[in-house]
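Before any comments, here is the structure.
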Amino acid sequence: MPGFEFFGEEERKHVNDVLQTGILARYGFDGARNGIWKSNELEQAIVRVFGSAYAQLVSSGTAALTTAMSALGIGYGHEVIMPSFTFVASFEAVLSVGAVPVLVDVDETLTLDPAAVAAAITPQTKCIMPVHMCGSMANLDALLALCAKHNLVLIEDACQAIGGSYKGKKLGTIGDAGTFSFDFVKTITCGEGGVVMTNNEEVYVKCDGFSDHGHDHKGVDRGADLHPFIGYNYRISELHAAVGLAQIEKLDKIIATQKHNNQLLRSYLEAIPEVSFRVVPDPAGDNFSFLSWFLPSEQQMRKAIEALKADGAFAGSFYWYDNNWHYVRKWQHLHDAATLNRISDVQKAALLQVKTQDFSASDAVMSRCVSTLINLSWTEAQIHEKGEKMAAAIKKSLLP
Ligand SMILES: *Cc1c(COP(=O)(O)O)cnc(C)c1O
C-alpha cells in the first residue's frame, strides 16, 4: 500500500517548484505564483488517470468523505449504511454531518454483505457507503441495485483502494461520489490529503465551495467571491499537492509491483490446503496492496499467529479482529458515544446500541482473517524467504 516507499527526486522537484515561488496556498496570488498551480494540476491528473468527470482535492480522506456527504445533502435525520470493518474515519465523517452511521456485517469480501445491507434499509436510509478495504472492492452491482430500488445515494470510500477497478471502471468513480485518502500510508501519498471524485457537475461545484468556506471562486479576488452556502476549510496546500503530482506518475509502477509481490507471496500460502483467500468480486481489479487470507477457525488462526510471531514472520501482518482501529469489536469510544461535542439524541441512541448489536456474522469472518501488507521495496529473495517462513510456521501450527 505505501507510496512513501517510492519517495524520491520527482517529489523533491515538484515541492521545490512551490518553494521557489513561496506561494503555498492553492487559491489566489495569481501573479506571484509564476504559473505554478500544483493543486489544479493534480486534480487534472486525477481526472485523467481515474476517469471521473470531476475531482476536488481536500486536506484528508476524512475531509473528502465529509465533503462528499455534504455535497450530496446527507445530514440530520438520515442513516448511512456502512461496514463493521473499516477505518474509524468512515463513521467520523457520518457523525460530522449530523447523520447516523448504521453498521452492518461484512462477508468474505471483507466489505459490505449486500444481504445485510438490504436488511438494514429503513425509511431514514439515505446512503450506502461501501468501503473498499485493503485494496479490493465491494460487490458494487448488488449495492447499486439496492440504491436504485430504494432511491439511495452511493458513496465509495475508496481510500484504501487507489488504482483498483471494478468491471473496467476505477474504484471511487462508480458511485455518486468516491473518495481517496493520500495520507502517509496510502497507495499514493501527499503526506496528508484526499480527493472527492464525481461525475455530477452540481456535486462537484458544491464540493469545491464546501471545502473552502463556501467560496464560489467566481470573484475577481477572494473578497469578491459570493457564498451560496456555508462551508468549512478542508483545503489542501500546494506543498502537499506537489508531492501527489510526483506520486500519481508512479501509480502504474506501484500497482504492478504490488501485484507481482502479492502473487509471489500468495503462491506459498496457496500450497497449504487449510488456507483460503479473500473473495474479490472482480479479481483483475484488486490493487494488491494486501494479501488477505483465512484459516477454517478462529482457534486455528490464533495458533498460527502465535507460531508466526515466534518465528518473526508476523511483521507486516494484521489481525484486525484484535485491532483497536479497524473493527467494530474494539471501537470502545464509539460504543460509549464518547464525543466531545453534544450530538443529537438520535445519533447518541444509535451509537449506544452498537455494543448490543449482533455482529456474529462479521466475527465469523474477521476472527479467521489476517491481512499481510505487501511492500514495494521487497527484493525477490526477500519475498521467497518471507513466503517460506510464513508457510512453515502456519503448517507447524496446524499439526495436531
Ligand atoms: C485512511 C482512510 C480514511 C481516511 O483518510 P485520512 O486521509 O487519514 O483522513 C478513510 N477511510 C479509510 C478506509 C481509510 O483507510
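The values are calculated or read from the model by the stated rules, or taken from the named source; none is laboratory data. As the structure is a prediction and not an experimental result, all values here were calculated from the model. Cβ atoms come from the backbone with ideal geometry, glycine included; neighbour counts cover every protein chain shown.
Observations on the model:
- Out of 275, 220, 279, sole residue that is over 23 Å from the mean Cα position of the chain (by Cα) and in the same structural domain as residue 298 (by TED's automatic domain parsing): 275
Condition check ((1) surrounded by fewer than 17 Cβ atoms within 10 Å (Cβ to Cβ); (2) among the aromatic types (Phe, Trp, Tyr); (3) not in a loop (DSSP other than H, G, I, E, B)) across all residues:
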residue	(1), (2), (3)
268	no, yes, yes
273	yes, no, no
279	yes, no, no
288	no, yes, no
291	no, no, yes
296	yes, no, no
301	no, no, yes
304	no, no, yes
307	no, no, yes
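- Extreme residue, surrounded by the most Cβ atoms within 10 Å (Cβ to Cβ), among residues of the stretch 372-400 that are without any contact (Cβ under 8 Å) to a residue 40 or more places away in the chain and outside any helix (DSSP H, G or I): 379
- Qualifying residue in the stretch 121-128 (condition: outside any helix (DSSP H, G or I), within 16 Å of the ligand (Cβ to nearest atom), within 18 Å of the chain's Cα centre (by Cα) and crowded, with 21+ Cβ neighbours inside 10 Å): yes
One line per residue, one yes/no per condition, for (1) in contact (Cβ under 8 Å) with a residue 12 or more places away in the chain; (2) touching a strand residue (DSSP E or B) at 6+ places or on another chain (Cβ under 8 Å):
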{"residue": "247", "(1), (2)": "yes, no"}
{"residue": "250", "(1), (2)": "yes, no"}
{"residue": "260", "(1), (2)": "no, no"}
{"residue": "266", "(1), (2)": "yes, yes"}
{"residue": "287", "(1), (2)": "yes, no"}
{"residue": "298", "(1), (2)": "yes, no"}
{"residue": "308", "(1), (2)": "yes, yes"}
{"residue": "337", "(1), (2)": "yes, no"}
{"residue": "350", "(1), (2)": "yes, yes"}
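- Annotation note: of 38, 13, the sole residue that is touching a residue at least 12 places away in the same chain (Cβ under 8 Å), crowded, with 17+ Cβ neighbours inside 10 Å and over 27 Å from residue 370 (Cα atoms) is 38.
- Residue within the stretch 190-200 that is within 30 Å of residue 376 (Cβ to Cβ), assigned to a loop (DSSP other than H, G, I, E, B), within 16 Å of the ligand (Cβ to nearest atom) and hydrophobic (A, V, I, L, M, F, W, C) present: yes
- Any pair with Cβ under 6 angstrom, 6 or more apart, that starts in the stretch 172-191 at a residue that is in contact (Cβ under 8 Å) with a residue 24 or more places away in the chain and under 16 Å from residue 47 (Cβ atoms) and ends at one that is more than 10 Å from the ligand (Cβ to nearest atom) and among the aromatic types (Phe, Trp, Tyr): 173/50
- Residue check for residue 67: within 13 Å of the ligand (Cβ to nearest atom) and either surrounded by 24 or more Cβ atoms within 10 Å (Cβ to Cβ) or farther than 30 Å from residue 25 by Cβ (or both): yes
- Given (1) crowded, with 24+ Cβ neighbours inside 10 Å; (2) within 14 Å of the chain's Cα centre (by Cα), index of the condition residue 186 fails: (1)
- In the stretch 70-116, the residue that is farthest from the ligand (Cβ to nearest atom) out of those that are assigned to a loop (DSSP other than H, G, I, E, B) and under 16 Å from the mean Cα position of the chain (by Cα) is 109.
- Residue 206 meets each of the listed conditions (1) more than 25 Å from residue 254 (Cα to Cα); (2) crowded, with 24+ Cβ neighbours inside 10 Å; (3) within 16 Å of the ligand (Cβ to nearest atom) apart from (3).
- Selection over the stretch 170-188 of residues that are farther than 23 Å from residue 5 by Cα and within 12 Å of the ligand (Cβ to nearest atom) gives a count of 2.
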